[in-house]
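Nothing in this text is a laboratory measurement; each read-out follows from the coordinates by a stated rule. Just so it is clear, the model here is predicted, and its values are computed rather than measured. Glycine gets a Cβ as well: all are built from the backbone with ideal geometry, and neighbour counts include every protein chain shown.
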Amino acid sequence: MKNIAVFASGRGSNFKHIYQNIQQGKIPAIIKCLITDNHKAGALDFARENAIPTFTISPQEFNSSHKFGQAIMEVLSRFSIDWIVLAGYLKKIPDNVVAVYSNRILNIHPALLPAFGGKGMYGSRVHQAVFASGAKISGVTVHLVNTEYDAGPIVTQRAMEIDDCRTPEEIAAKVLKVEHILYSEAILKVLTKKFEVRGNRVEFKNE
Ligand code: GAR
């Protein structure tokens, strides 16, 4: 069993799906805590309803990213966290946390990286950019987190046609359905299979 900390800033639908899949025995893990930067995050309600300890830690409360990272690390060590799962978490993970959890932090992005990623590209902004670009395909990316926004080694991706979508919201809805399936699959894979990171590539053994 691996101990997971989920980080979320918003409504938390990915968090909810991951939690449900764990409860159904599909992923050998326990969600030990939810960390958010936003005391209004919907994810907090779901965590409280399910007796998952919650912590609101905002970077504005600290005078450096390092101290923000230390506050996060305190919670992570209290729960002996093995993996961090970012589920709609909008703040940059401090470098000192990335150093300790190297290749043990996952993020989900609602497009096909490396396109439509980077600082400021999250949630609806991603889908607006995809829509405006005229792209006929979008998708979901799950990647390991390094010190740059959306630039870590890719664990898995799934593409889908968005030719039929007439608004960015329609793209978002189509992509989100796939996120809910792919994120749990990716978590199961990194927790149960051996992999190596070579450069920016994730290589699973026996594949
Ligand atoms: C999801 O679409 C996720 O991919 C995106 O935020 C949404 C959170 O939804 N994350 C990013 O854009 C990160 N760059 P949720 O709170 O319902 O899981």
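Data overview
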{"item": "The lone exception for residue 84 - which of (1) touching a helix residue (DSSP H, G or I) at 6+ places or on another chain (Cβ under 8 Å); (2) away from the ligand (no atom under 16 Å from the Cβ) it fails", "result": "(2)"}
{"item": "Test result for residue 27, away from the ligand (no atom under 13 Å from the Cβ), β-branched (Val, Ile, Thr) and surrounded by 14 or more Cβ atoms within 10 Å (Cβ to Cβ)", "result": "yes"}
{"item": "Candidate set: the stretch 161-195, residues that are surrounded by fewer than 16 Cβ atoms within 10 Å (Cβ to Cβ) and aliphatic (A, V, I, L, M); chosen: the one farthest from residue 4 (Cα to Cα)", "result": "173"}
{"item": "Enumerated strands (runs of 3 or more DSSP E) restricted to the stretch 1-90, each holding at least 2 residues that are touching a strand residue (DSSP E or B) at 6+ places or on another chain (Cβ under 9 Å) and among the polar types (S, T, N, Q)", "result": "54-56"}
{"item": "Within the stretch 149-207, tally of residues that are aliphatic (A, V, I, L, M), more than 22 Å from residue 27 (Cβ to Cβ), without any contact (Cβ under 8 Å) to a residue 60 or more places away in the chain and not in a strand (DSSP E or B)", "result": "4"}
{"item": "Tabulated pairs, the stretch 107-125, first at positive phi, second near the ligand (Cβ under 8 Å from one of its atoms) and not in a loop (DSSP other than H, G, I, E, B), C-beta under 6 angstrom, 6+ apart or interchain", "result": "116/126"}
{"item": "Members of the stretch 125-148 found to be surrounded by fewer than 22 Cβ atoms within 10 Å (Cβ to Cβ), hydrophobic (A, V, I, L, M, F, W, C) and assigned to a loop (DSSP other than H, G, I, E, B), listed by number", "result": "135"}
{"item": "Identity of the residue in the stretch 7-24, over 17 Å from residue 54 (Cα atoms) and surrounded by 19 or more Cβ atoms within 10 Å (Cβ to Cβ), that ends up farthest from the ligand (Cβ to nearest atom)", "result": "22"}
